[in-house]
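Data first, discussion second: the structure below is written as structure tokens.
The values are calculated or read from the model by the stated rules, or taken from the named source; none is laboratory data. Here the structure is a predicted model, which is why all the values come from computation and not from measurement. Virtual Cβ from ideal backbone geometry, glycine too; neighbours counted across all protein chains shown. These accessible areas exclude ligands, DNA and RNA; they are computed on the full protein's heavy atoms, side chains included. Shrake-Rupley method; radii C 1.70, N 1.55, O 1.52, S 1.80 Å.
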Amino acid sequence: MAEEVSHPSRYVKLTKDQAPMEDIKPGELNQPIDVPQLHVRKCNECGQPLPESYQAPADEPWTTGIFDCAEDAESCKMGLFCPCVLFGRNVEQIREDTPWNGPCICHAIFVEGGLAFAAATAALHGIIDPRTTFLICEGLFFGWWMCGIYTGLMRQSLQKKYHLKNSPCDPCLVHCCMHWCALCQEHREMKARLSDDAIMPMTVVNPPPVQEMNAAGDNQGSASTSANGGEQVHVEMQAL
């Protein structure tokens, strides 16, 4: 909500305090100094200066809980069988300049691909060297936490957009522990917010009718003007 803008200082240091003039080195004077009053935090929406103690509001509750996946059957099925598409749709609604297919492919490679690789490693247990299996599992565990951080950042962007509080905990931790439930909750939240915006009343203003002028109307207008001109009274003024 707010950003800190630093402006170059116009104040310069003209003298050196509590020191003889002989200690002043060439180029030491007339140097810009830092003025804290010039560091201003401004709102991204309206550009107005904000006080130093200002913090963006983040106290609005979510419309649905983290485990209320059954309230929206469509997002529940998509999150269960094809979570990459659901994640791509969510990112597309949060960031309008980002198409859904890019995040969808990344999610499919790192999350679904990682789960498939972990299942294959478990199925080949005993065939692969145990030390290699341990390294594979460690890499998959690390990759899962990295994906949780990335998807958590998307959830944090959603919270900043609608001023939502952390529910039930930090966004990255929510995605690391309850990834599929978090995807469904975010989709339901944006769906409810967009539906609320869609039912806002709108005022429809109809344009005035188009007026046309024809030659007959022009002739009648000129005739009436000439008739009125003929009826004008001439007043003469004489000197007394």
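Can you list the residues, at least 5 places off or on another chain, whose amide H is less than 5 Å from the amide H of Val40, using H built in the peptide plane?
Amide H to amide H, under 5 Å and 5 or more residues apart or across chains, Val40 pairs with Val5, His7.
Roughly speaking, to the nearest percent, how much of the range 73-197's 1.4 Å accessible area is carbon and sulfur?
69 percent
Pairs of Cα atoms under 8 Å, at least six residues apart: use those to get the relative contact order of the range 79-152, whole percent.
Computed over the range 79-152, the figure is 24 percent.
What FRET efficiency do you get for Val40 and Cys106 if R0 is 45 Å and r is their Cβ-Cβ distance, rounded to the nearest 0.05?
Values: r = 38 Å, r/R0 = 0.84.
Efficiency at R0 = 45 Å is approximately 0.75.
Over the range 73-197, give the accessible area per residue in Å² for a 1.4 Å probe, as an integer.
56 Å²
Quote the relative contact order of the range 73-197 in percent (integer), defining contacts as alpha-carbon pairs under 8 Å separated by 6+ residues.
RCO, the range 73-197: 29 percent.
What whole-number value in cubic angstrom gives the convex hull volume per residue for the C-alpha atoms of the range 73-197?
Details: hull volume 13.4 nm³, N = 125.
Expressed per residue, the convex hull around the Cα atoms of the range 73-197 is 107 Å³.
How do Glu186, Glu52 stack up against each other in accessible area, from largest to smallest, with a 1.4 angstrom probe?
The ranking, largest first, comes out as Glu52, Glu186.
For the range 91-102, take each phi angle, set θ = phi - 60°, evaluate the Karplus expression 6.51 cos²θ - 1.76 cosθ + 1.60, and give the result in whole Hz per residue in order, putting x for glycine and proline.
5, 5, 6, 6, 10, 5, 8, 10, x, 6, 6, x
Where does each of 152-165, 112-125 land if you order them by average Cβ count within 10 Å, highest first?
My ranking of the peptides, most packed first, is 152-165, 112-125.
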